[in-house]
Structure formats: C-alpha cells, structure tokens
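Report on one structure; see the data block that follows.
The values are calculated or read from the model by the stated rules, or taken from the named source; none is laboratory data. If you're wondering where the values come from, they're calculated on a predicted model, not measured in any experiment. As a convention, Cβ positions derive from the backbone with ideal geometry for all residues, glycine included, and neighbour counts pool all protein chains shown. The protein model used for the area step is the full one, side chains on, heavy atoms only, and it has no ligands, DNA or RNA in it. Shrake-Rupley method; radii C 1.70, N 1.55, O 1.52, S 1.80 Å.
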Amino acid sequence: MVQKISVNQRREIGKRSPLIYGQFIEHFHRQIYDGIYDPGNSLSDEDGFRTDIIEAMKKIGTPVLRWPGGCFVSSYHWKKAVGENRTPFFDKAWRVEDSNSFGTDEYIKLCRKLNCEPYICTNAGTGTAEEMSDWVEYCNLEQEGEYAKWRIANGNPEPYHVKYWSIGNENYGFWEIGAKSAEEWGRLTAELAKMMKHVDPSIELSAAALADISWNINLLRHCGPFLDWISIHQYWDMMPQINNPASYEQCMAFTDQIDRSVCEVRGILTAMRLEHKIKIAFDEWNLRSWHHPNVHTIEQGRSKEEYLTPRDKNDDNSTYTMADAVFTACFLNAMNRNCDIVGMANFAPVLNTRGCIYSDKSGIVLRSTYYVFDLYVNYMGDIVIDTWERDEASHMTVTGKNGTAADVKILDILATKWSDRPGIAVAIVNKHVSEAQHIELEFGGLEGQAVLYTLNGPSEDSYNDMDNKQVEIVRHNLGQAAGKLSLVIQPHSVNVLQI
Ligand code: AHR
C-alpha cells in the first residue's frame, strides 16, 4: 500500500533549540577516566583529552554537555576537585575511588575544546545551598569573594560564564543518595535556588523532577519563580540488575507513546500557567538503561564480581543495533514536535556505557545511535513544519518486553526547513523489521534536487564494532523533484530526504 504524506512549509510548528541534541557524561565506569580523560594515551592531547573522541563529538555538533552526574553527583563535593592538592575520594554512589583529577577546571576546558555549553548538575543529596552557590561563585564571579579568587589562583582569570545549572539529580528515587520527599524537595530547592540566583541572577536553573503530579506541584509551588527548566529522565529498556537487551521487536514497542512524560509534564506546567516560563530539559534519556547490578538496591554487592565487573557488559557493541537507531530517531522526532516546550535533551551518556561512541585505548567505535545524531544535526532543518498522512497511516502490532502487545505506526515522519536557506529536510523512519514502505510525498510548489540519506545495516541487528562496520549512512541521489516524490523506504532504517 502506498502511503500518501503531505508536507506544508507554510505551517510552522516551531523552531527547535539545538540543545535537544545535547549529551551527558558522568563519573561512571569509563566515561571520564579511561574514557574522554585519558592522560598518557598517544591519542590524547596536552591536557589529557582524547582527540579522537572530541572530534567525533564535534562532528555531531554537541551543543551542551551535562556533568558530573547522575547519581554520582549526590555525594560529590566539587571543592575537592579543584586546585593543586586533589585528594581521592570514595564515590559512594558507584562505590569506587575517584581520583578527583578531573574536576570543574578540566570540565570547562573540555567544553571549550568541544565548543559546547557547560551544564552543571549540583549535589542536592548531601550538598548544601552554600556549597552549590559557592560553585556558582567559583565559575561565574569576576573576582569577588573567596571562590572567584580561587579560580583565578588556579590559573583561570576569566569567569566561565556557566549558564545552565540543575539542582539535584533523581532525588525522588530511593536509590539516590540524599533522596527527598515531595514536600522536602519543594522547600529545599527554593532555598538552594535563592542562593544560587543571588550569586548570579543570569544563570538558568533546572531542578530534578519526573512525570509525577505531587512532586512537580510541590516543586513548582515553592521553586517555580526561580526555575527556567524542569528536568526529567527516562530509560525504556530497563537493565540495571540483569543485562538482557530487548529484541528489535520489543524495542519497537517502546516507541509507543514515546513522548508520554513530556505530555504529562506539559499538562502540569500548563495547569500552573508556567508553560511559557519553564521549559522541559529531558536531560537523561536512552533506550537502554545502564547495567550496574547491586548498587541501586538495599543489599549492595559484596564482591567486585557482584557490583563492579558486570559494568563491562555495557561495553558490548553488539547490543547497539538498528533498534537503537530507530528508537533514537523516533525520540528526536518527538522532541522536535514538542519544541515549544522541550528546550534541551541530553543523551545518556555520550561515551561508553550505553553511549553513541565507544572507546578503548586503541581508538573509537561510532555506534548506530551516533549516526542518528549525525543525520539530525547535520542534515535536518531548524524549523519544524507540519506533515500529515492523507490516508490512514499503516500500523503494526508488536509484543513488548513485558509480553503485552503494542499497536505502533510503522512510519515516523518529521518535516523541517531551514531558517536561513530554501528547501526541506524530512526524517522518515521505517520501524518495520522486514517490509519496505512505499511513500508518495507531496510537498507543494517546492522543486529541486532530491537526495535521500539512509542509515541502515544488512539486518535489524546490525551494529558497529572495532574492525566491523555494518551500519552507516548511504547517500542516494534521486534527481530533480517538483511538488511530489515516490520513495521506497527500507525496513529498520532511518532516513533523511532533502529537497
Ligand atoms: O544508570 C545511570 C543512572 O541513571 C544515572 O546516574 C542516574 O541519573 C539515572 O538513574
């Protein structure tokens, strides 16, 4: 059946922020140490940063990098990781020693090399309002007070102008160090926000939240006047305890209502008349949750084999297939569609663990999800425009990891144009595991050269690894198009059509 799709350039949905293609990096496993910060490796620069990883992150236009956690942050004390005498500390979140050799100054230096915005998540677990506002002093004051002077003494005379800050990580969860009740969170965040804004009123503040009415009402009632953002997180294929990745079909079930939490938080903001003041920062998301058994539980692992060694299972590159690429494209489509209220999203994480880039001492692997960011950052426009099916959209029924059936649309399509040049770019995702989809795309009076960029591999389970590249973007020149175009979209593929 040919699916007839219309695109209307004149019906603009909104301008998406580049920050929705943001990234996240945490002091966990090999993301920082033996990851992007690898002094002594011949692939690292004079500051100890891996140049191959930095180049890969720059190619996908990393606009913002959230750091240092994640659960790690909720017992992290930033002052121990600046200046000359860095004393190692025991990271109680992940139960490893952290050398503190990578701290705020190294992080800012990394952001400058990446040409991206820093986004610091603060410790609302064991931290205090004073400690957090001191961090803002250290980063953003010219020279007033103790901490700006400390930054200068550490060899950084100019303020860092860190614009984005969040209060806490997942303090709503029992697993988080320093977990809080909804009532506690509202009062605490208001006091933390007050002190941070007193130091630098120009910062944009977020706070940890989730799609929960009582948590968000307490947060927004007490702290809403101080907030510019509200943070939410989501992982779909939950594997913290058992590393059993969902199959392709099960992953397609996860695309059902992918923006459900955005819709719920939008509703709460609207009900409280804050939807034009506060934006959503989806500042941790990934199809696959991280595998780290026996640390988010009451009973901690006793031996390193019980809680530390299993983290290496995140490094299995065969886990990250076209299922991850298709899901990631569906998520980014949803964030573009909600660009009026979603102002930032951060893939969790960018490097190693479930990241879009894998590294070891010898080099890097660009996983399937990396190429989705490449397509959306480098081939899609910044203005979201309207598109609709002229007939009933094709659906398929898939069985989720929990055994229930989900009815999902086979195609996921997002149309965009550019604010600074003519033409359109349409993302077309075919979720079907085996059937190509025939499309007749109608795009009004526009005409021009048509090029289709297809991200795919030989099968739905294709992946990339060292010395084994199965997934890549292939360019197809389709010639001159005027007003409409017929296309055949490969199964399990992510495509961008440019006119
Ligand atoms: O699994 C990693 C953790 O996921 C992050 O540290 C935390 O923010 C989320 O619970």
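Residue-by-condition table, conditions (1) closer than 20 Å to Ile258 by Cα; (2) open to solvent by 40 Å² or more (accessible area, probe 1.4 Å); (3) among the acidic types (Asp, Glu):
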| position | (1), (2), (3) |
| --- | --- |
| Asp382 | no, no, yes |
| Thr387 | yes, no, no |
| Ala393 | yes, no, no |
| Val398 | yes, no, no |
| Lys409 | yes, yes, no |
| Leu441 | no, no, no |
| Gly457 | no, no, no |
Scan of region 55-81 for residues that are within 16 Å of the ligand (Cβ to nearest atom) and of a type in the set (A, V, I, L, M), ordered by number
Leu65, Val73
Of the conditions (1) free of Cβ contacts under 8 Å to residues at least 60 places away in the same chain; (2) of a type in the set (Gly, Ala, Ser); (3) outside any strand (DSSP E or B), Ala450 clears all except one; give me its number.
(3)
Among (1) more than 16 Å from the ligand (Cβ to nearest atom); (2) touching a helix residue (DSSP H, G or I) at 6+ places or on another chain (Cβ under 9 Å), Asn346 falls short only on (1)
Screening Asn378, Asn338 for residues that are open to solvent by 20 Å² or more (accessible area, probe 1.4 Å), over 13 Å from the mean Cα position of the chain (by Cα), of a type in the set (S, T, N, Q) and more than 16 Å from the ligand (Cβ to nearest atom) leaves only Asn378
When the residues of region 268-296 are filtered to those that are among the β-branched types (Val, Ile, Thr) and in a helix (DSSP H, G or I), which remaining residue is nearest to the ligand (Cβ to nearest atom)?
Ile268
Check whether at least one residue in region 40-50 is within 30 Å of Glu392 (Cβ to Cβ), outside any loop (DSSP other than H, G, I, E, B) and not β-branched (Val, Ile, Thr), and report yes or no.
no
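Please work out if Asp52 is more than 16 Å from the ligand (Cβ to nearest atom), in contact (Cβ under 8 Å) with a residue 24 or more places away in the chain and touching a helix residue (DSSP H, G or I) at 6+ places or on another chain (Cβ under 7 Å).
In short, no.
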(1) open to solvent by 10 Å² or more (accessible area, probe 1.4 Å); (2) in a strand (DSSP E or B); (3) of a type outside the set (D, E, K, R): which one isn't true of Gln23, the others all being true?
(1)
Taking region 445-465 and keeping only residues that are more than 24 Å from the chain's Cα centre (by Cα) and at pLDDT 95 or above, one is left with Leu446, Glu447, Gly448, Gln449, Ala450, Val451, Leu452, Pro458, Ser459
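Filtering region 136-179 down to residues that are hydrophobic (A, V, I, L, M, F, W, C), over 20 Å from His27 (Cβ atoms) and in a loop (DSSP other than H, G, I, E, B), which residue is farthest from the ligand (Cβ to nearest atom)? It would help to see each step written out before you state the result.
We begin by selecting, within region 136-179, every residue hydrophobic (A, V, I, L, M, F, W, C); these are 136, 139, 141, 148, 150, 152-153, 162, 165, 167, 174-175, 177, 179.
Now narrow it down to the ones that are over 20 Å from His27 (Cβ atoms): 136, 141, 148, 150, 152-153, 174.
Imposing the further condition that a residue be in a loop (DSSP other than H, G, I, E, B) reduces the set to 141, 174.
On the way: Leu141: 29, Phe174: 11 Å.
Checking each candidate, the answer is Leu141.
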Got a number for residues in region 257-298 being open to solvent by 50 Å² or more (accessible area, probe 1.4 Å), at pLDDT below 95 and farther than 22 Å from Asn346 by Cβ?
1
